[in-house]
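Below is one structure, written out as structure tokens; comments come after it.
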């Protein structure tokens, strides 16, 4: 075992020998050690270093608390907990990306519950919003927080990660709170001395289900985060103890101290239509983006940068090209809105819901694109049909199948259709700009993304 991991194990043994169990509702103290020199799984320093960012990895250890439901869990999300034990040892890792220059730090720290649906860590929300994080000076902490994530690291690099251990995912909620506490109280080690002003939690897809449980059950007691983003979720959370269940149709509770953003794509609300019933409140905003898919081309490109090198997962052959709706620009706007919400008390804009017919199916225009919802210029001034269905034409392996299906589809309009709709390139650009200006004014586009979108429209060969 590596000497660094040996030190962590000794720390755990000493803590266990003392048999000091924290009181109910207390959050444990992590031991934080820099990881040894060598390759970091998921390293993105090639793209972050030009922005003046430092990328570091730390091994963290502690004793995690286990809980069970402390009473009846209903669909209102008011989920009490009962402490079962507080002495389950764990050793895991966190990856930190931060500005090297303190003057570049905006005070915001994003802590991501890394997604493990693929069998290895995926930094989905970093992938989606890294442009916003880098240009605005956010710090980012990605947490290997589930057993599958640890196992994936050990398959990729047993020598480096062999000493990590998360016995099961029931302790993952407490680990997240402990990481948040370490970000605040051990910022000298974790953030290189940067002083966090606000700490946010986020998770996508499977991780979003855990984040629903975290928001409803753990945030009220631990008060670990200043804001929470739940991205691409279903209508339910995850149980905290074996043999327990979570009610379907769950909402995020309305009495949270920290504001919550729920971000959904058209694919998400097609699969889980109940989420569209989420009500905007003074502490919750719900945005669903018309035309967007669960894992679009932009996200998949970011994932392939890591997966190709780390685990040999290449882009699969799919029936259609992946969805090109730039959902990431909406997520960028959501992060800025959350920052303003928590630092200046400025509530984010309310977004319309995607329209549905009498039977609950999504209503569509003559092009096959969804009506209503949060609308980017790509869907108001379309050059394609943005779909939420696709399939693999090659391997039926899980990762290939998932990437194709979750990636949605884009069906470009024919040259004739483009020419009929946009007689000249100037006509297309003018219409696109008007739609982009409206999204910017509404708060659904950031200025930098607005400028980039206009430039892309000007460069596009429309009509052909």
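Once the piece of chain linking residue 431 and residue 75 is laid out straight, how much longer is it, given 0.36 nm per residue of separation minus the C-alpha distance between them?
Working: separation 356, 0.36 × 356 = 128.16 nm, distance 4.36 nm.
Gain on stretching residue 431 to residue 75: 123.8 nm.
For the chain, the spread of Cα positions along the three principal axes, ordered from largest to smallest, is 77, 48, 47 Å.
You can think of it this way: the chain between residue 319 and residue 186 has 43.0 nm of extra reach, that is 0.36 nm per residue less the Cα-Cα gap. The per residue volume of the convex hull around the alpha-carbon atoms of region 219-377 is 178 Å³.
With the convex hull drawn over the C-alpha atoms of region 1-258, the volume per residue is 119 Å³. Treating the angle as unsigned and between 0 and 90°, give the value, to the nearest 10°, between the Cα long axis of helix 297-310 and the longest Cα principal axis of the chain. For 297-310 against the chain, the angle is about 40 degrees. Normalised size of region 192-262, defined as Cα radius of gyration per 2.2 N^0.38 Å with N residues, equals 1.15.
Normalised by 2.2 N^0.38 Å, where N counts its residues, the alpha-carbon radius of gyration of region 289-464 equals 1.11. Compactness of region 65-120, taken as the C-alpha radius of gyration over 2.2 N^0.38 Å, stands at 1.76. Taking 0.36 nm per residue of separation and subtracting the current Cα-Cα distance, fully stretching the chain between residue 346 and residue 401 would add 15.6 nm. Relative contact order for the chain: 12 percent, from Cα pairs under 8 Å spaced at least 6 residues apart, divided by residue count. Relative to the longest principal axis of the Cα atoms of the chain, helix 447-459 runs at roughly 40 degrees. Peptides 36-44, 169-177 ranked from most to least packed give 169-177, 36-44, packing being the mean of other C-beta atoms within 10 angstrom over each peptide's residues.
Of all the Cα-Cα pairs you can form in region 31-149, what percent are over 18 Å apart?
Roughly 61 percent, once rounded to a whole number.
If I take all pairs of Cα atoms in region 98-205, what percentage of them are more than 17 Å from each other? The calculated P(r) of region 98-205 puts 56 percent of pairs beyond 17 Å. Using C-alpha pairs under 8 Å with a sequence gap of at least 6, the mean separation divided by the residue count of region 1-258 gives a relative contact order of 21 percent. At an R0 of 45 angstrom, the distance between the Cβ atoms of residue 279 and residue 461 translates into a FRET efficiency of 0.55. Axis angle, to the nearest 10 degrees, between helix 3-18 and the longest C-alpha principal axis of the chain: 60 degrees.
Values in this text are rule-based calculations from the coordinates and carry no lab data. Everything numeric here is computed off the predicted structure, so don't read it as measured data. Reconstructed Cβ throughout: ideal geometry from the backbone, glycine too, with neighbour counts over all protein chains shown.
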